[in-house]
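The values are calculated or read from the model by the stated rules, or taken from the named source; none is laboratory data. It should be emphasised that the depicted structure is a prediction, and the values quoted were computed from it without experimental measurement. As a convention, Cβ positions derive from the backbone with ideal geometry for all residues, glycine included, and neighbour counts pool all protein chains shown.
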Amino acid sequence: MNIRDKRTIREQINSGFRLAGWILLTFALFVVLLVSAFLLTTKGGNPTVFHRFWGACGLVSIATAMFFSVRYWAKWFVGLLGYLIFKLAISLLMGRTPSVPSIARPRLVILEYLVTSVAAMWLCLRYARHVPRRMETLGLIGLVVSFAFGIVYDSPVPVLVGLSLLGSFQLVEYWWRQYLLKPRHSH
């Protein structure tokens, strides 16, 4: 038994397998999201109605699953954004990606991705401490989906659309809580 952890070795191993399973499931769901975005766009050549139908079904399925499980993944998404910002900052300094094989990209393109990722982190940082409300959840799902389309199109423009969607939903949520749910006093 570990001195710092009161759980038995067996419980710690089971916890590790559970965590690995959740990571693999998350990866698989993100692959489904990417494939759905790919099928919905013209990046796959000449998509047929059949391809677009399956792409839309995958996208709606993933969005629905994300809506009902937001309390589990919102904090992880903030962490992922932090990791992405770190990698993009290194890429900006080096002028190429730190991955293997390294890809040379113009620094202006890397800067565009870095700025959109920092804006996403700024809008999402609040979800590290509390679960998003319903309107915020819709905007957060829009941001995640926009990242998938940004990857498919290799452009930060879809992420800008997702950022504006999330910001708009956050403003609506704020306005709703401040002005419509506030008790009114009569004079």
- Item | Top-ranked residue in region 59-89 [being exposed (fewer than 13 other Cβ atoms within 10 Å of the Cβ) and hydrophobic (A, V, I, L, M, F, W, C); ranked as nearest to GLY142 (Cα to Cα)] | VAL60
- Single condition SER102 does not satisfy, out of (1) under 12 Å from the mean Cα position of the chain (by Cα); (2) of a type in the set (S, T, N, Q); (3) more than 24 Å from VAL32 (Cα to Cα): (1)
- Only one of ARG4, ARG52 is over 30 Å from ASP154 (Cα atoms) and at pLDDT below 90, namely ARG4
- Task: Test LEU40 against the stated conditions and say whether it is surrounded by 14 or more Cβ atoms within 10 Å (Cβ to Cβ), hydrophobic (A, V, I, L, M, F, W, C), outside the structural domain of CYS124 (by TED's automatic domain parsing) and in contact (Cβ under 8 Å) with a residue 60 or more places away in the chain.
- Result: no
- Task: Confirm whether VAL32 is part of a helix (DSSP H, G or I) and in contact (Cβ under 8 Å) with a residue 12 or more places away in the chain.
- Result: yes
- Item | Which listed residue is buried (at least 16 other Cβ atoms within 10 Å of the Cβ) and assigned to a helix (DSSP H, G or I), from LEU171, LEU163 | LEU163
- Considering only region 104-141, state which residues are in contact (Cβ under 8 Å) with a residue 60 or more places away in the chain and either in contact with a His (Cβ under 6 Å, 6 or more places away or on another chain) or assigned to a helix (DSSP H, G or I) (or both). THR137, LEU138, LEU140, ILE141
- Message: Looking at the structure I just gave you, is LEU108 under 23 Å from VAL31 (Cβ atoms) and over 15 Å from the mean Cα position of the chain (by Cα)?
- Response: no
- Message: Looking at the structure I just gave you, is LEU171 modelled with pLDDT under 90 and among the aliphatic types (A, V, I, L, M)?
- Response: no
- Note on the structure: Given (1) touching a Cys at 6+ places or on another chain (Cβ under 9 Å); (2) loosely packed, with under 15 Cβ neighbours inside 10 Å, PRO98 misses just (1)
- Message: If the requirement is being part of a helix (DSSP H, G or I) and not assigned by TED's automatic domain parsing to the domain that holds VAL157, which of these qualifies: TRP76, TRP22?
- Response: TRP22
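Here's the yes/no breakdown for (1) part of a helix (DSSP H, G or I); (2) within 18 Å of ILE151 (Cβ to Cβ):
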position: PHE53; (1), (2): yes, no
position: ARG71; (1), (2): yes, no
position: LEU84; (1), (2): yes, yes
position: SER102; (1), (2): no, no
